[in-house]
Amino acid sequence: MNLLIDLTLLTGILAIAATSLLSRSLFQSVIFFILLGLTLALGWIRLGAPDIALAEAAIGAGITGVLLLDTLGHLKKTGKLDKDEHRPSYPRLLLAILSSVTLVVLLLWAVFHQPTPAIQLHLLVEEALPDSGVSHQITAVLLNFRSYDTLLEVGVLVLAVLVGLALQTDQHQQDSLPGLPNPLLHACLTLLVPAMLITSMYLLWAGSDRPGGAFQAGAMLAAAFILLHLSGIKLSAQLSHRMMQFGLLLGFTVFLVVATSSVIGGRPLLAYPDGGAGLLILLIELALTLSIGLILLSLFTIANSPPLSSRSGGSNGH
Amino acid sequence: MTALVILQSLLLISGALMFVVGSIGLLRFPDTYTRIHALTKADNVGLGLIIIGLIPANFSLLVTLKLLLIWLLVMLASALSGHLVAWEARAKQVPLAPSEGESNDELTD
Amino acid sequence: MSYIYGFTLFILLVSLIVGVMRIIQGPRQADRLLAAQLFGTTGVAILVILAELQPLPAARDTALVLALLAMLAAVAFVSRVWKTTSTNEDH
Amino acid sequence: MDTNLIFTLGGIGLCGLGLFGFIYHCHLLRRLIAFNLIGNGTFLIMVGFAQRGQGVTDHVIQALVLTGIVVAVSATALALVLIRRWFHLKGSTQLPEDDAS
């Protein structure tokens, strides 16, 4: 029975992926990509990875879809959206088939000649779990055992937003698209947005002893912000520029301060003091949640900011 | 106990069948407006039946409340998205499918 | 009991495949989006059943997240894509 | 045939499809989707492969993939910003190398 379910799900995932690549209309591709995120979330549950499923449900099925749909609408509005791309040439098709077949064969070879693992990582995790300050393994790995990696990853997120801000043409002009003036939508928002915020905090709190944590909570928060933005309530216009910058950097800063304070105290980088680990992890996670939410929101709004009206330079390309 | 299991099975399977009915409705109905109808009715009933069928699986108040909350949210979401699509379809004057036995000269697009 | 869960799951997955056909057929963008919405609801149903079958209570949290975000795509579509689509290229 | 193996194979399929689309398509948005397929396939392979080797759920690799997904979405968002900028400057959704073909 399980085998049947897994195989059906697998066939579904592959069929959806193939359709999203090969379908004629770009809109259909985007819709299938959203569905892929949804089916992958089911797949992660089957694989026994509920944390990833939570993140995938919020990000793959929610945020990525909105980002792609928004860009698609934008390209359609401004341009003629190149009626359809010129059909790629024959050698190109051959090259594509050849390289993807090679990749698949190599990967299959790797899977069927799998070496036995040298270290039983899960035993190490179980052994060290009582000292980590939390009782959920993934949170322990993310924010205690391998917190160095997580710190750098948050750094990457901040870097992405900085690059986006540098590309933004006009700092002060915000997204000019009006929201939806639909009364039912606005009535539902008063119910939905608080529910989203509560769920986000629930996920954050759940992270200490069962699946959940800062990344999922941050994604949920970002989804709530984006929903508000889409329906015309622009958070970035309500907050001052400085407040926004402060929020973006808060998570990284708190993490960095905690990391370096242990060096000042004479311990190695990112070693939590005895007994205080749980509290510090919660503090870092709270800051991270807010920052991830704001980072994803500002990547969304940066993409939305209108181009310079004068189009200075470079506009002679066509 | 067995009666409960039978009841549960009936609820779950009829819920799943409601989903199939919804899908078939989506496939068979002629225009956007009627498809909204297929989407927002059959699915919510189907999910509701499945959720009621799952409640006896673990008699826990919190789990029951969470399941009911999920159902409520899905109903809200499909009502909202159905409304939005219909609202915008009307603004864009998406044509209705002509009903049977009715002259439909001005409605075809 | 687990057979009942498995059977229900299987029916739901089949109903997903039927929904996919509507997305491919279209003919309008709105029809494709509605079918995607159906996909979301079916995904929630599959998740709550998987939570019992595995058993993995966290799957219910995933269903909750999915239920909360189900209307996000519809709102984005109506406000951003459909508004800017002219009638003759609505596919 | 256990779940881990099946999803590892699924990940391999996604990677192959993604690479095919990435080379075949010229439209930048389609390339971004193909790139995301490769990414998702890699995540599936990572988790499936690690869990198949150890025979239990492996929390270290799951944590790694979890952060990977969040980084991937921010990379996607950044790529979309770049695509829009490119579209405004050049009025095209393809790279100049592909215009010739």
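The values are calculated or read from the model by the stated rules, or taken from the named source; none is laboratory data. Bear in mind that the values here come from a model prediction, so they are computed numbers and not experimental data. Cβ coordinates were reconstructed from backbone atoms using ideal geometry, including for glycine residues, and neighbour counts include every protein chain displayed.
So here's what we get for this one:
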quantity	calculated
C:L34 vs. criteria in a helix (DSSP H, G or I), closer than 13 Å to B:L39 by Cβ, at the interface with chain B (Cβ under 7 Å from one of its Cβ atoms) and in contact with a helix residue (DSSP H, G or I) (Cβ under 8 Å, 6 or more places away or on another chain)	yes
Pick from segment B:73-109, criterion exposed (fewer than 14 other Cβ atoms within 10 Å of the Cβ) and modelled with pLDDT of 80 or more, ranking: farthest from the chain's Cα centre (by Cα)	B:A91
Positions within segment B:39-66 being aliphatic (A, V, I, L, M) and crowded, with 23+ Cβ neighbours inside 10 Å, in sequence order	B:L39, B:A42, B:L47, B:I50, B:I51, B:L54
Subset tally (residues that are under 21 Å from D:L28 (Cβ atoms) and surrounded by fewer than 22 Cβ atoms within 10 Å (Cβ to Cβ)) for segment A:6-25	7
Filter pass, C:L69 being touching a helix residue (DSSP H, G or I) at 6+ places or on another chain (Cβ under 9 Å) and more than 7 Å from chain B (Cβ to nearest Cβ)	yes
Out of D:G68, D:G39, D:G11, D:G53, sole residue that is modelled with pLDDT under 90 and either under 30 Å from A:L124 (Cα atoms) or not in a helix (DSSP H, G or I) (or both)	D:G53
Close pairs (9 angstrom Cβ cut-off, 6 or more residues apart or separate chains): farther than 14 Å from A:W44 by Cβ in segment A:4-18, of a type in the set (K, R) and surrounded by fewer than 18 Cβ atoms within 10 Å (Cβ to Cβ) anywhere	none
Yes/no for A:L68 being of a type outside the set (D, E, K, R), assigned to a helix (DSSP H, G or I), at pLDDT below 90 and within 30 Å of A:L180 (Cα to Cα)	no
Qualifying residue in segment A:215-232 (condition: assigned to a loop (DSSP other than H, G, I, E, B) and under 27 Å from A:A187 (Cα atoms))	yes
From the options C:A45, C:A63, C:A59, C:A51, residue that is within 30 Å of B:L4 (Cα to Cα), more than 7 Å from every other protein chain (Cβ to nearest Cβ) and buried (at least 17 other Cβ atoms within 10 Å of the Cβ)	C:A51
Sole residue being closer than 23 Å to D:A34 by Cβ and facing chain C (nearest Cβ under 10 Å), chosen from A:A55, A:A110, A:A49	A:A55
Cross-chain or 6+ apart pairs with Cβ under 9 Å, segment D:6-19 first and over 11 Å from A:A17 (Cα atoms) and facing another protein chain (nearest Cβ under 7 Å), then assigned to a helix (DSSP H, G or I) and basic (K, R)	D:I6/A:R46; D:F7/A:R46; D:T8/D:R52
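Here's the yes/no breakdown for (1) at pLDDT 90 or above; (2) of a type in the set (S, T, N, Q); (3) not in a helix (DSSP H, G or I):
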{"site": "C:L56", "(1), (2), (3)": "no, no, yes"}
{"site": "C:R60", "(1), (2), (3)": "yes, no, no"}
{"site": "C:V65", "(1), (2), (3)": "yes, no, no"}
{"site": "C:A73", "(1), (2), (3)": "no, no, no"}
{"site": "C:V78", "(1), (2), (3)": "no, no, no"}
{"site": "C:V81", "(1), (2), (3)": "no, no, no"}
{"site": "C:N88", "(1), (2), (3)": "no, yes, no"}
{"site": "C:H91", "(1), (2), (3)": "no, no, yes"}
